[in-house]
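K.L.:
The structure is given below, and queries will be raised subsequently.
What follows is calculated from the coordinates using simple rules that are stated; it is not laboratory data. Here the structure is a predicted model, which is why all the values come from computation and not from measurement. Every residue, glycine as well, gets a Cβ built from its backbone with ideal geometry; the counts of neighbours run over all protein chains shown.
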Amino acid sequence: MMTQARNALNISSSPGEESLAKKASARKQAGRENNGIGHVGLRATNPAASAEFYRDVLGMEIVGGSTPDHPLGATAFLSSRPDEESHEIALFADPAFAHVAFKVSSLAELRSFHARVVEKNIPIKFAFNHRVSFAFYFDDPDGNRIEVYWPTGDLSRRQPHAEPLDLSQPDEVLLEERNPSSRRFAKQNSADRAGSLT
């Protein structure tokens, strides 16, 4: 569309812009394309009160949260598009959980970024199955926490939710882990049907 607009206005792109476009295309072909910042995790002295601010001032919907006795401490999760994004802002009383999250569009891209971080000897802090996403976390050189995540498409799980995730497992295993309760339910139903046939 940009090219069409440039052509209509007889504006040529600069060699630098063409080079940037070629680099972006190469990154995408290499499976190393992120879709930009998907959400941010901010420190909040009182996440519930801060969530009300984002709701009342910016019109966001409170879609999750936890109390101080939760393993992650007090949290609140908000989204302006809860039917599309599990959350866009996460508020944490514990500053250790503040982060910037970059979204990727496939499990393969998540694996590619994970491999790159490991290859560069950057310590992985943790990897989680949030049910709404698979994610791993690491720190930038200044100690800022970074998350790279792939949304699984399951928006039914209220956050926070974190189960350990082993990205060395095959895709089939990870995809089954998106919703372990449905897998157990399917196995139980299968066993029940088998038992009723004997």
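K.L.:
Set the Förster distance to 41 Å, then compute FRET efficiency between Glu176 and Ala96 from the Cβ-Cβ distance, nearest 0.05. Each step should come with its number before you reach the end.
P.N.:
Details: r = 31 Å, r/R0 = 0.75.
For Glu176 and Ala96, the calculated efficiency is 0.85.
K.L.:
Within 10 Å, Cβ to Cβ, of Lys103, how many net charges do the neighbouring residues add up to if Lys/Arg are +1 and Asp/Glu are -1?
P.N.:
Values: positive: none; negative: Glu85, Glu109, Glu147.
Spelling it out: positives minus negatives among the neighbours equals -3.
K.L.:
Then there's this: Can you give the extra length, in nm with one decimal, that the chain gains between Arg43 and Ile122 once fully stretched, where that is 0.36 nm per residue apart less the Cα-Cα distance? If you can, show how the numbers build up before the last one.
P.N.:
Details: separation 79, 0.36 × 79 = 28.44 nm, distance 2.37 nm.
Stretched fully, the Arg43-Ile122 segment lengthens by 26.1 nm.
K.L.:
A follow-up question, please. Under a point spin-label approximation (7 Å from Cα along Cα-to-Cβ), what is the Asp166-Ser80 distance to one decimal in nm?
P.N.:
Calculated label separation equals 4.1 nm.
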